[in-house]
Amino acid sequence: MKSKQIWSRIGQIVLVLLGISFLTFALVMLSPGDPVRQMIAGNEDIIVSQAEVEALRHELGLDKPFIFQYLDWLGRAVQGDLGFSYMVKKPVIEELMHCLPATVYLAVSSLLFMLVVSLPLGIYSAVKRNSCFDYLVRGLTFFGVSVPNFWMGLMLLWIFGLQLGWLPIVGGRVSFDTIILPAVTLGIAMAAKYTRQVRATVLEELHQDYVVGARVRGLSESYILWKEVLPNAMLPLITLLGLSFGNLLGGAAVIEIVFQWPGLGRLAVEAITYRDFQLVQGVVLWIALMYMLINLLVDISYNYFDPRVRKAGK
C-alpha cells in the first residue's frame, strides 16, 4: 500500500471510530438505569437526599441534552481522557492499560497454541486427502467448531483442575499456570476453524496449474509443497489470523469469566453489569480500534508477502 492509501485508511478508521462512539454513547444513554444512583449504591453507608443526587448529576453533566453530553465526552476523549470509572475508582484509560497486558498475554498464548496445532494438521490432512488421518482430522475439527467455548473450558477445569489437580481452578492472577487452561480453551476452538481453512487452502493450491507444471519438470513433492504451495497458501490465512488476533485483543469475555482472567473481556462484562457507562464506552472503542488497526496491518503486510501486490502498487 502506498503512503496515500495508508493515510486514507487511517482517515476511514477515524470516521468509523466517531460513528461507533456516537452509537455506543446513544445506546448507553438509552439503556435502563441511572449512573448516579449506581454510584451512590456503591456506598451503602451513605444516605443522600434527592437534592444531592441532582447536584451530582449536574456536576457530571448528566442533566445536559444528549448531544451536549456527547460533545463534552468527545472533547475529552480526543485529549486522551475517556472519563472516570466509578466501578474501579480510577480513570478509564488507566484501567484499560491495567487489563491490557493480561489480554495480550492470553491472545498471544492462544494464537501460538492454535498455530502449533492447526498448521501441521491442516497441511498433512490436505496432502493425505481422503485418508483415515484426513477423516479423523475433519471429525475432530467439526467437534471443535461445534462445542461452545464455555463448555470446553468447564470440562478442562473439571478434568485438569478438579480431578487431576494438575492446574489451579481459581484464577484472578496472571501467571504461567493460570494461562494454560484459558489459552488451550481458546486455542482449541480457533485451531478447529484454522485447520479446516489451512486444509482447504492447501488443497486449492495443489490443484493449480503451476503445481502440475512443477511435477512435469520432475520436482519432488516435498519441494513443491514447501517452496511453491505453502507460500501461496499462507497468504489468505494471514487475514484470518489477523482477525483472530484482533478479536482476542478485544477480550474473550466468556472464557475470561469462566477462568476469572483479569482481562478486557471480563472488564467489559463487569462494566455492563454495574452500568459503568464511561468504562463501557472505553472498552467498546478499544475493541473497535484493535479490529481496524489489525486489519490495516494485515493489508500492509501483503506488500511484503505477496510480490503481485507490490507490482500492482507500482
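The values are calculated or read from the model by the stated rules, or taken from the named source; none is laboratory data. This structure is a prediction, so every number in the text was calculated from the model and none was measured. When we count neighbours, we look across all protein chains shown, and the Cβ atoms used for this are built from the backbone with ideal geometry, even at glycine. Heavy atoms of the whole protein, side chains included, go into the accessibility calculation; ligands, DNA and RNA do not. Shrake-Rupley method; radii C 1.70, N 1.55, O 1.52, S 1.80 Å.
Annotations
- For the chain, lysine pairs separated by 8 or more sequence positions, or belonging to different chains, with Cα-Cα distances below 25 Å total 10.
- Cα gyration tensor category, rounded, prolate or oblate, for segment 159-229 with a/c compared to 1.5: prolate
- Extending 7 Å from Cα along the Cβ direction at K193 and again at I300 yields two label points whose distance is 2.4 nm.
- A straight chain from V145 to Q163 at 0.36 nm per residue would run longer than the Cα-Cα distance by 3.9 nm.
- Calculated from the alpha-carbon coordinates, the chain shows an Rg and a Dmax of 24.4, 88 Å respectively.
- Taking amide H as placed 1.01 Å from N in the peptide plane, F84 has its amide H under 5 Å from the amide H of V92, each at least 5 places away in sequence or on another chain.
- Computed over segment 233-297, the quotient of the alpha carbon radius of gyration and 2.2 N^0.38 Å is 1.26.
- Across segment 168-261, C-alpha contacts under 8 Å between residues 6 or more apart give a mean separation that, scaled by the residue count, equals a relative contact order of 49 percent.
- Pair-distance distribution P(r) for segment 61-220, from all Cα-Cα distances in 5 Å bins starting at 0: 1, 8, 11, 12, 12, 11, 9, 9, 8, 7, 6, 3, 2, 1, 0, 0 percent.
- Solvent-accessible area per residue in the chain equals 56 Å², computed with a 1.4 angstrom probe and all protein chains kept.
- Rounded, prolate or oblate (a/c below 1.5 giving rounded, otherwise prolate when a/b exceeds b/c) for segment 125-251 by Cα gyration tensor: prolate
- Carbon/sulfur fraction of accessible area - the chain, other protein chains in place, 1.4 Å, %: 67
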